[in-house]
Amino acid sequence: MGNLLKVLTRDIENCPHFFLDFENAQPTEGEREVWKQVNSVLQDSDSILSGLQSYKGAGQEIRDAIQKPNDALLQDRAWNSVCPLVKKLKVFYSFSLRLEEALQSLLESLTCPPGSPTQHLEREQALAKQFAEILHFTLRFDELKMRSPAIQNDFSYYRRTISRNRINNKNLDMEKEVNNEMANRMSLFYAEATPMLKTLSTATTNFVSENKTLPLENTTDCLSTMASVCKVMLETPDYTSRFSRDDTLLFCMRVMVGVIILYDHVHPNGAFNKSSKIDVGTQSETDTHRDKQTHTHNQRHTQTHTETNRHTHTIRDIH
């Protein structure tokens, strides 16, 4: 865990100090309208992850069809295997569009004047929690996507088959489900190594450009404050002791990585500039300040450290 915390090298004393209740925050009356809108999206996130995790692909069927192009039975078998997979990929892509809208709604609420980013995050904890849940989902989705090379193979086969049948004047019912325009947009989405992160980065950039009357600092300060709050919670025993679930540490780590990436895209100088409010360093030493914690607590940190080390590399690779 120390490696990722070392990414933020600013002294903890200079960071905002408050506990952001990622486990139990509930919306106040003022948050409820936006919270309901975002919740309607987030309530589908688990099924999206489950669907992606169970994605097996049609690799064998496609290979058989390619090896024997004149075997009509094998061609039908491959097509019938790919079509339901493409429908599933469309569901994932459509969800990314809904997530983009949800993120922009949260940014609007968490950056609007006259409140400062710290005031918004501290007072509107339910919305801050949803913002964190979007980032957490995004990194989990992209992890699973990177482990599923079958996705692009299946979709490429689908597009080739559609093009071939169009040339031969054959109309396929499946094309009504995913037409050429939709296929082009989906192809661009899945061509990204981390498509959900790309979607959120673009959404954040668009939010800034479309709200010209809103100072850029409102958005970048919101992101940097969220990163700092996560750092403080992870390094403060009084805060970590409030976590009732083992996976909340990993949740905080992923959120911290996500906001650093968004900040890096939105801020003109990025996150790796000395003037950045997210003081990003290049240290790789492992912090040992928690070696005196209990064995169970150490196990939680070991799991968190192992899983989140992969995320730190995406901060520079996401461009």
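Points worth noting:
- Of everything listed in (1) modelled with pLDDT under 95; (2) more than 18 Å from the chain's Cα centre (by Cα); (3) surrounded by 17 or more Cβ atoms within 10 Å (Cβ to Cβ), the single unmet condition for residue 154 is (1).
- Within the stretch 46-64, considering residues that are within 22 Å of the chain's Cα centre (by Cα), in contact (Cβ under 8 Å) with a residue 12 or more places away in the chain and open to solvent by 30 Å² or more (accessible area, probe 1.4 Å), the one farthest from residue 152 (Cα to Cα): 53
- Residue 245 vs. criteria in a helix (DSSP H, G or I) and open to solvent by 70 Å² or more (accessible area, probe 1.4 Å): no
- Among residues of the stretch 69-127, those that are among the basic types (Lys, Arg) and open to solvent by 70 Å² or more (accessible area, probe 1.4 Å), counted: 4
To keep it simple, each residue is scored yes or no on (1) among the aromatic types (Phe, Trp, Tyr); (2) farther than 20 Å from residue 182 by Cβ; (3) in a helix (DSSP H, G or I).
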position: 65; (1), (2), (3): no, yes, yes
position: 77; (1), (2), (3): no, yes, yes
position: 87; (1), (2), (3): no, no, yes
position: 93; (1), (2), (3): yes, no, yes
position: 96; (1), (2), (3): no, no, yes
position: 100; (1), (2), (3): no, no, yes
position: 105; (1), (2), (3): no, yes, yes
position: 109; (1), (2), (3): no, yes, yes
position: 118; (1), (2), (3): no, yes, yes
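- Restricting attention to the stretch 248-281 and to residues that are at pLDDT 80 or above and of a type in the set (Val, Ile, Thr), the residue that is surrounded by the fewest Cβ atoms within 10 Å (Cβ to Cβ) turns out to be 248.
- Qualifying residue in the stretch 171-183 (condition: closer than 20 Å to residue 99 by Cβ, in a helix (DSSP H, G or I) and modelled with pLDDT of 90 or more): yes
- Pairs, first in contact (Cβ under 8 Å) with a residue 60 or more places away in the chain in the stretch 67-79, second outside any helix (DSSP H, G or I), C-beta under 9 Å, six or more apart: 78/58; 79/172
- Those residues of the stretch 184-198 which are part of a helix (DSSP H, G or I) and open to solvent by 20 Å² or more (accessible area, probe 1.4 Å), in sequence order: 184, 185, 187, 188, 191, 198
- Candidates 33, 23, 29 - the one that is within 20 Å of the chain's Cα centre (by Cα) and either more than 25 Å from residue 240 (Cα to Cα) or not in a helix (DSSP H, G or I) (or both): 23
- Residue 263 meets the stated requirement of being assigned to a helix (DSSP H, G or I) and closer than 19 Å to residue 131 by Cα.
- Some residue of the stretch 224-242 being in contact with a Phe, Trp or Tyr (Cβ under 8 Å, 6 or more places away or on another chain), part of a loop (DSSP other than H, G, I, E, B), open to solvent by 10 Å² or more (accessible area, probe 1.4 Å) and at pLDDT 85 or above: yes
- Qualifying residue in the stretch 186-199 (condition: more than 16 Å from residue 142 (Cα to Cα), of a type outside the set (A, V, I, L, M, F, W, C) and either touching a Leu at 6+ places or on another chain (Cβ under 6 Å) or at pLDDT 90 or above (or both)): no
The values are calculated or read from the model by the stated rules, or taken from the named source; none is laboratory data. None of these values were measured; they are calculated from a predicted model. Cβ: placed from backbone, ideal geometry, glycine included. Neighbour counts: every protein chain shown. With ligands, DNA and RNA removed, areas are computed over all heavy atoms of the protein, side chains included. Shrake-Rupley method; radii C 1.70, N 1.55, O 1.52, S 1.80 Å.
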